[in-house]
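Here is the structure we will look at, set down as structure tokens.
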Amino acid sequence: MSFFSVVYYILASLAYLLIFPYLLFKLRNPKYKVAIPSKFFLKDNPSFKEKGIWFHTCSMGETKAIKPLVDEFKNSFPINISVITNTGFQEAKKLTPNVRYLPFEIFLPFWIKKQKALVVMEAELWYMLFLCAKRRGAKTYLINARISDKSYASYKKFSFFYKKIFKNIDKIFAQTQIDKKRLLELGAKEVEVIGNIKLAQLPIVTKELKRVDEVLITAGSTHENEEKLILESYKKEFGKLVIVPRHPERFEKVNLLIEEYIKGKNLTYHRFSSNESFDSDIILVDKLGELNNIYAISEVVILGGAFESIGGHNPIEPAYFGCKLISGKNIFNQKSLFECVNNYILIENEELRSTLENLQNLKGAKLVQKGDINPIIEELKGL
């Protein structure tokens, strides 16, 4: 290992010791009872046994995006997937039984075994991940790479560090020419622009739902405080309101919020898990895997994640179904995807009520870009 690698490892080890009490505290939350022990204590999280193609993603959306690549190579190589989040883990299990949480970096030098290739999605730029995989003989790739406007400034401040990371990446497949320019400036070696690969796999309806006669307004992938904003901006005359929280652990909390909101109001309400219809004025979708099915019959989508400082969520799904698309302005994590869409509206929180009052003036969103996974497939065939 180089002098830089040794220093980095020592600093990472010190950071691990500092956050150790915090990790123990977080373990009190059932949400982390598997992920934290796996990532930070290697509990039930052994190295991959088979030498194959190792994909690393962060969350559910990124894991869904690699499905065409997994399908292409699953009969040729063992497929291994590491993830960061619980939802990413659940999604990866649908693709292969060989799924792990990515361990904290201090464990990677002895956790990583030799692989044919390491294929990392988007912005998962872990120094030890690329260094150790390459030292073990893997070809290393970063795919669907992007550098947002917000991230670019901080990347430049630490450009010396990112040059060290990119030194261990053999090839990068970027989303846009702007991303390519920024990556090369930061020290990337070989960069090819292929568009956003999330557009290579368009949304699929798994169940055809019955359309309703009224306007169906779906608030998709909502977060804390966003449901309250949406409920307070809603009127019965706008149509039926469907609320789909981003995280399943919030279903009960949102249910209580809606029940409190409708008290004394002429509004009906039910939970989708107990009645898979849209007969009420307000419906809480407390089941996973239903969002695209509901987008397919929705006229309007209020896309969550951007009315708070979350960074926004994927606009491709509602745009694919031609929904009138309303989002907050905090889309800093999704700018590249919004560039693939026409006819959406970004609003301030206080403008939501007036926007809903003027739905007739909005146009349905449309996709204007595509992504191509074939260059990645051709590259990996060379293995």
Matching residues in the range 13-31 - criterion: being open to solvent by 60 Å² or more (accessible area, probe 1.4 Å) and within 23 Å of the chain's Cα centre (by Cα): 29, 30, 31
Selection count, the range 214-231, where residues are in contact (Cβ under 8 Å) with a residue 40 or more places away in the chain and either within 22 Å of residue 29 (Cβ to Cβ) or open to solvent by 10 Å² or more (accessible area, probe 1.4 Å) (or both): 8
Per-region count, the range 136-165, residues under 21 Å from residue 382 (Cα atoms) and either hydroxyl-bearing (Ser, Thr, Tyr) or assigned to a helix (DSSP H, G or I) (or both): 2
Among residues of the range 336-354, those that are surrounded by fewer than 16 Cβ atoms within 10 Å (Cβ to Cβ) and under 19 Å from the mean Cα position of the chain (by Cα), counted: 1
Candidates 128, 60, filtered to the one that is hydrophobic (A, V, I, L, M, F, W, C), more than 20 Å from residue 176 (Cα to Cα) and open to solvent by 40 Å² or more (accessible area, probe 1.4 Å): 60
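Residue-wise test of (1) touching a residue at least 60 places away in the same chain (Cβ under 8 Å); (2) touching a helix residue (DSSP H, G or I) at 6+ places or on another chain (Cβ under 6 Å).
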{"position": "124", "(1), (2)": "yes, no"}
{"position": "136", "(1), (2)": "no, no"}
{"position": "158", "(1), (2)": "no, no"}
{"position": "169", "(1), (2)": "no, yes"}
{"position": "185", "(1), (2)": "no, no"}
Count of residues meeting criterion [open to solvent by 60 Å² or more (accessible area, probe 1.4 Å) and more than 21 Å from residue 355 (Cβ to Cβ)] in the range 276-303: 5
Of residues in the range 355-383 being under 15 Å from residue 302 (Cα atoms) and touching a helix residue (DSSP H, G or I) at 6+ places or on another chain (Cβ under 6 Å), the one surrounded by the most Cβ atoms within 10 Å (Cβ to Cβ): 365
Test: residue in the range 204-213 that is within 27 Å of residue 329 (Cβ to Cβ), out of contact with any strand residue (DSSP E or B) (no Cβ under 7 Å at 6 or more places or on another chain), in contact (Cβ under 8 Å) with a residue 24 or more places away in the chain and open to solvent by 10 Å² or more (accessible area, probe 1.4 Å): no
Residues (in a loop (DSSP other than H, G, I, E, B) and either in contact with a helix residue (DSSP H, G or I) (Cβ under 7 Å, 6 or more places away or on another chain) or closer than 18 Å to residue 382 by Cβ (or both)) located in the range 34-65: 42, 43, 44, 45, 47, 51, 52, 57, 58, 59
Criterion: among the aliphatic types (A, V, I, L, M) and within 16 Å of the chain's Cα centre (by Cα) - qualifying residue of 128, 121: 121
Filter result (more than 14 Å from residue 84 (Cβ to Cβ) and open to solvent by less than 30 Å² (accessible area, probe 1.4 Å)) within the range 32-57: 37, 47, 48, 52, 53, 54
Every pair of residues 6+ apart whose Cβ atoms lie under 6 Å, when the first sits in the range 349-373 and is free of Cβ contacts under 8 Å to residues at least 60 places away in the same chain while the second is part of a helix (DSSP H, G or I) and open to solvent by 70 Å² or more (accessible area, probe 1.4 Å): none
Any helices (runs of 4 or more DSSP H) falling wholly within the range 303-383 and containing at least 3 residues that are under 18 Å from residue 226 (Cβ atoms): 352-357
Selected residue (only one of 309, 354 is in the same structural domain as residue 245 (by the TED database), modelled with pLDDT under 95 and under 22 Å from residue 233 (Cβ atoms)): 309
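The values are calculated or read from the model by the stated rules, or taken from the named source; none is laboratory data. Predicted model only: the values in this text are computed from it and were never measured. All Cβ positions, even for glycine, are placed from backbone atoms using ideal geometry, and neighbour counts span all protein chains on display. Please note that ligands, DNA and RNA were not included when accessible areas were found on the heavy atoms of the full protein model with its side chains. Shrake-Rupley method; radii C 1.70, N 1.55, O 1.52, S 1.80 Å.
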